[in-house]
Amino acid sequence: MARITDELLDSLHDDAPVRQLLVGAFWTAVVLDTEPPRCGLASTLRAETGGPWPPVRDAGRLKGRSGRELAGLLRSPRILEASIGLAALNALLEVDEGPLTEANAGEIILERGSGRRVAIVGHFPFIERVREAAEACWVLELRPAAGDLPASQAASVLPEADVVALTGTSLLNHTFDELIGLCHPGAYVLLLGPSVPFSPLLFQRGVDALSGTRVMDPEHVLFSVGQGATFRQIKRSGGLRLLTWTRDCAEIPLLGNCAGL
């Protein structure tokens, strides 16, 4: 089976010139020269080990490329380049917001995970509430905090979980394919975070819900990203919407998991 990054990139139909590219301290934004301008976000990731990190090749000349050329950087093993690539892909995706809702990812996990076994890849603000409600709650982290497990234990934890929350950055560090393959076939899988692409291809891979972000005011968001804003600060200042898209098993053919929940 092809890697999900290849499938996402091959699914792109449109292209447009790049109007602006900004790699901020926490977030990367790509704005396309469309009418109206379309903006995609992705986490600004750095190498997991200490610096120096591999630089972005052709930095300073990327603005002259097309959106699809930038999106191709998602395949790069250089994590900063992959961040640019995912932001460009998110800008290029044409999303019908009709089936999307403003459901909160944390509330979905609480509802689905109450009294059940929950595995969360990445540390999120709602984790303590999930720990109180779930039968068991495992948090996998590259840099574990108190109560977390190291990410290296994913192979033993994910198959045991009834509900799994994966971070959208798994597409950036190229761990998504491995992680989704470890999930139990009956698990409810949520992919969350501002980096998440609203693509139905992820449903075919076994994801049941996509919780991500749509940029409504690119200029406003770029202003915040350029000043080193965290996502909480960007959200507070406005310019974007937090949205969730769930799939219908009867309508989306699955290549992997199907949540019979």
Low-density loop cleavage sites - GluC sites (Glu not before Pro) in the range 111-204, where at most 16 other Cβ are within 10 Å (DSSP) = 135
note = Expressed in angstrom, Rg and Dmax over the Cα atoms of the range 22-111 are 15.2, 47
Student exercise, the range 1-98 dipole from Lys, Arg, Asp, Glu Cβ charges, in Debye to nearest 20 = 580
Vicinal HN-Hα couplings computed from phi for the range 234-247 (Karplus, 6.51 cos²θ - 1.76 cosθ + 1.60; Hz; Gly/Pro x) = 5, 4, 5, 7, x, x, 8, 10, 9, 10, 10, 10, 10, 9
inquiry  = Given axes a ≥ b ≥ c from the Cα gyration tensor, I'd like to know whether the range 29-167 is rounded (a/c under 1.5), prolate (a/b larger than b/c) or oblate.
reply    = oblate
request  = Using the Cα centre as the reference, give the magnitude of the dipole from point charges on the C-beta atoms of the range 102-226 (Lys, Arg: +1; Asp, Glu: -1; all else neutral), rounded to the nearest 20 debye.
outcome  = 140
note = Dividing the mean separation of Cα pairs under 8 Å (6+ apart) by the residue count of the range 147-237 yields a relative contact order in percent of 23
ask   = Using 1/(1 + (r/R0)^6) with R0 = 45 angstrom and r between the beta carbons of residue 237 and residue 136, what's the FRET efficiency to the nearest 0.05?
value = 0.75
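Provide the gained length on full extension for the span residue 128 to residue 178, in nm with one decimal, where the gain is 0.36 nm per separating residue minus the Cα-Cα distance.
Full extension from residue 128 to residue 178 adds 15.4 nm.
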remark   = If the chain between residue 35 and residue 114 were fully extended at 0.36 nm per residue, the gain over the current Cα-Cα distance would be 24.0 nm
message = Output wanted: per-residue J couplings in Hz (rounded whole) for the range 115-127, from phi through Karplus 6.51 cos²θ - 1.76 cosθ + 1.60, θ = phi - 60°, x for Gly and Pro.
response = x, 10, 9, 10, 10, 10, 9, x, 9, 10, x, 8, 4
query = If you roll a 1.4 Å probe over the chain with all protein chains in place, what percent of the accessible area is carbon or sulfur?
reply = 51
inquiry  = Tell me the relative contact order for the chain as a rounded percent, counting alpha carbon contacts under 8 Å between residues six or more apart.
reply    = 20
task = Report, in debye and to the nearest 20, how large the dipole of the range 53-109 comes out about its Cα centre when Lys and Arg carry +1 and Asp and Glu carry -1 on their Cβ.
result = 620
note = Which of (i) 176; (ii) 108; (iii) 125 gives volume of the Cα convex hull per residue in Å³ as computed here? It is (iii)
inquiry  = Per residue, how large is the accessible surface of the range 141-249? Use a 1.4 angstrom probe and give square angstrom.
reply    = 39
request  = Would you give the gap between the C-alpha center of the range 157-183 and the C-alpha center of the range 3-62, rounded to a whole Å?
outcome  = 22
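The values are calculated or read from the model by the stated rules, or taken from the named source; none is laboratory data. Nothing here was measured: the structure is a model prediction, and the numbers come from that model. Cβ sites come from the backbone with ideal geometry, for glycine too, and all protein chains shown count toward neighbours. Accessible surface is based on the protein model in full, side chains and every heavy atom, while ligands, DNA and RNA are left aside. Shrake-Rupley method; radii C 1.70, N 1.55, O 1.52, S 1.80 Å.
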